[in-house]
Amino acid sequence: MKRIPMLLIAFFLTTACYSKEESGPANDSAPQTSLEQQEEKIVLPEPEVIAENLKVPWSIEKTGDTFYLSERQGHIVKIANGEVERQSVELKKELADNSESGLLGFALAADFPESNVAYAYHTYKEDSQHLNRIITLRLEEGIWREADLLLDRIPGAPNHSGGRLKFGPDGMLYATTGDASDKDIAQDRDSLGGKILRMNPDGTIPGDNPNPGSYV
């Protein structure tokens with residue numbers, strides 16, 4: 001059996017004592033706050049129901065104290081001052097609202113209080129094929145009417161049609177599109193499916209997009 005040199009033992013003892021002294025005495029007077037006590041200090045407001053019986057709501061926008069929601073079945077719901085109003089949407093292509101498709105993305109224009117213009121993403125059928133389009137809508141006397149077509153023939157399907165719209169801090173309109181149940185098209189730069197698309201508010205392609213001449 002090997003003997004440990006006394007000098008090494010003394011070094012360990014000295015180091016241990018030094019570390020203990022450096023750490024200082026335990027502060028027994030410091031208050032100990034348990035997780036339960038921390039949780040008791042957090043007071044969450046009670047949730048407030050502002051609308052009920054919505055029909056497959058998809059997107060939600062807010063201007064001032066007024067909310068606007070898109071319903072996949074083809075309506076825009078306005079919620080203001082505790083009142084819920086389901087507004088009609090008139091499209092130039094018949095809405096296809098089966099399964100996960102329908103009236104999907106919805107975004108108010110930056111100048112909506114003055115222009116009454118919003119942007120929408122919706123599914124339609126052409127020769128039994130599902131497709132999606134991005135359009136502008138104008139609110140007139142409680143009815144949303146299609147105004148301008150910005151982008152058409154985005155791949156669609158009963159499922160995985162995608163369809164979120166959002167304005168970025170750069171003022172550009174961004175759209176997320178689904179893979180239309182065909183996962184391979186997400187890696188195909190020539191396809192608009194399974195992508196994030198970036199466009200000017202008038203539907204044109206920004207000159208600084210990553211792929212020149214492409215929304216992708």
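The values are calculated or read from the model by the stated rules, or taken from the named source; none is laboratory data. Bear in mind that the values here come from a model prediction, so they are computed numbers and not experimental data. Here the Cβ positions follow ideal geometry from the backbone for every residue, glycine too, while neighbour counts run over all protein chains shown. What goes into the accessible areas is simple: the full protein's heavy atoms, side chains included, and nothing from ligands, DNA or RNA. Shrake-Rupley method; radii C 1.70, N 1.55, O 1.52, S 1.80 Å.
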Fill in the blank from the handout: Picked from region 116-153 (must be open to solvent by 20 Å² or more (accessible area, probe 1.4 Å) and of a type in the set (Gly, Ala, Ser)), the residue nearest to Ile76 (Cα to Cα) is Gly142
Problem - Residue list for region 97-115, restricted to those being open to solvent by less than 10 Å² (accessible area, probe 1.4 Å) and aliphatic (A, V, I, L, M) - result: Leu103, Leu104, Ala107
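Could you check region 82-199 for strands (runs of 3 or more DSSP E) lying wholly inside it with 1 or more residues that are at pLDDT 95 or above and under 14 Å from Ser59 (Cβ atoms)?
Here the list reads 83-90, 103-108, 117-126, 129-140, 143-155, 162-167, 173-177.
Conditions (1) farther than 18 Å from Ser70 by Cβ; (2) open to solvent by less than 70 Å² (accessible area, probe 1.4 Å); (3) among the basic types (Lys, Arg), marked per residue:
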{"residue": "Gly178", "(1), (2), (3)": "no, yes, no"}
{"residue": "Arg189", "(1), (2), (3)": "yes, no, yes"}
{"residue": "Met199", "(1), (2), (3)": "yes, yes, no"}
{"residue": "Val216", "(1), (2), (3)": "yes, yes, no"}
Practice task
Give the number of residues within region 40-81 that are of a type in the set (Val, Ile, Thr), part of a strand (DSSP E or B), open to solvent by less than 70 Å² (accessible area, probe 1.4 Å) and under 25 Å from His160 (Cα atoms).
Solution key: 2
Exercise for the section: Identify all residues within region 177-216 that are among the hydrophobic types (A, V, I, L, M, F, W, C), under 20 Å from His130 (Cα atoms) and touching a residue at least 40 places away in the same chain (Cβ under 8 Å); write none if there are none. Expected result: Ala180, Leu192, Leu197
